[in-house]
Amino acid sequence: MPWLQLILETDAAGADRLLEQLSEAGAAAVTLNDSADQPLFEPLPGATPLWSHTRVIGLFPAGTDMDALVGSLVREYAPQPLPPHRVELLEDQDWTRAWMDTFKPMRFGERLWIVPSWCEPPNPDGVNILLDPGLAFGTGTHATTRLCLEWLDGQALNGKEVLDYGCGSGILAIAAAKLGASHIRAVDIDPQALVATADNAARNRSEARIEPLLPEQLLPIPVDVLTANILAKPLIELAPSLSALVRPGGAMVLSGILPDQADAVAAAYRPAFEIGPSAEHDGWVRLSGTRTEMPTALQKYA
């Protein structure tokens, strides 16, 4: 059976109102999409940020009287005009298969592959991470995750202690484990992310080496490698504490940084790290560096 889509262009405030109105009008589903290619960062737990230019799409059975439905929305909005809108025919299809077909195995660097569960690994001898798209942030499709995975692929991680701060789905922690790290502490402020990390680690037979933690559970024990794919503001705020958690000669990689934020983030870490060349992909920047000193208070743990 074909479907009809009512598509409206609005802002973040209008999106909530339209979502409720379309649901009350009998929409089988209502989706919200970015209509202006605006970055939307990982929200805090419980937050639901929206784009400033949001496309609201209501899905209705083909027999729906769309003229009458639009007319009722016009009356509800009066005296304000209904946001720009249009109706489109959507042919029915196997939606599960269509969704799955959008996700294929992805290669990062020389060794790493992210492989959805319904796909065969393109390189059985590669370092294959089994990971399906899900709710938690980080499935390899975002530029910041890609930048970190490519960096990890180039590191010698055998026997190393790793801290993955802002672990999301656990993708970087699992990559580190698959690349030979002996122990990875995976930290996130969102308990759902820790559940996803534990589940994904078990699927990849890496659970014995990955320890999911909330920030308050993290002990001040220095590691050999730090990964932090979060955002520029928390990276800057956390610079002293994260820097103190890396041993002398240890390495760090940071992402979630926009180009105009890179200098400020680098400056926050430069007192403790020798910052190497940056890398950029799809408007996001990766910074990496080597630890140059050890805080006296933490030397006893080294």
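The values are calculated or read from the model by the stated rules, or taken from the named source; none is laboratory data. Everything numeric here is computed off the predicted structure, so don't read it as measured data. Using ideal geometry, Cβ is built from the backbone for each residue, glycine included, and neighbour counts are taken over all protein chains shown. Heads up: the accessible areas ignore ligands, DNA and RNA and are worked out on the full protein's heavy atoms, side chains in. Shrake-Rupley method; radii C 1.70, N 1.55, O 1.52, S 1.80 Å.
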How much of LYS233 can a 1.4 Å solvent probe reach, expressed as accessible area in Å² and rounded to 10?
140
Among the GluC sites (Glu not before Pro) in the range 228-300, which ones are in a DSSP loop with at most 14 other Cβ atoms within 10 Å of the Cβ? Mind listing them?
GLU293
Work out the charge dipole of the range 236-287 with +1 on the Cβ of Lys and Arg and -1 on the Cβ of Asp and Glu about the Cα centre, then indicate which of PHE273, GLN261, LEU245 is farthest towards its positive end.
LEU245
Give me, ordered by chain and number, the residues 5 or more places off GLU280 or on other chains with an amide H under 5 Å from its own placed amide H.
ARG286
With x for Gly and Pro, the residue-by-residue ³J(HN,Hα) of the range 17-26, computed from phi through the Karplus equation 6.51 cos²θ - 1.76 cosθ + 1.60 at θ = phi - 60° and given in whole Hz, is 5, 5, 4, 5, 5, 5, 5, 5, 7, x
How large is ³J(HN,Hα), in whole Hz, for each residue of the range 185-198 in order, when computed from phi with the Karplus curve 6.51 cos²θ - 1.76 cosθ + 1.60 and θ = phi - 60°, using x for Gly and Pro?
8, 9, 10, 8, 7, 9, x, 4, 5, 5, 5, 4, 4, 4
Starting from the Kirkwood Rh over alpha-carbon pairs, what translational D in µm² s⁻¹ does the range 164-255 have by Stokes-Einstein at 4 °C and 1.567 mPa s?
99
Could you check how much of the accessible area of the range 199-302 is carbon and sulfur, as a whole percent, using a 1.4 Å probe?
51
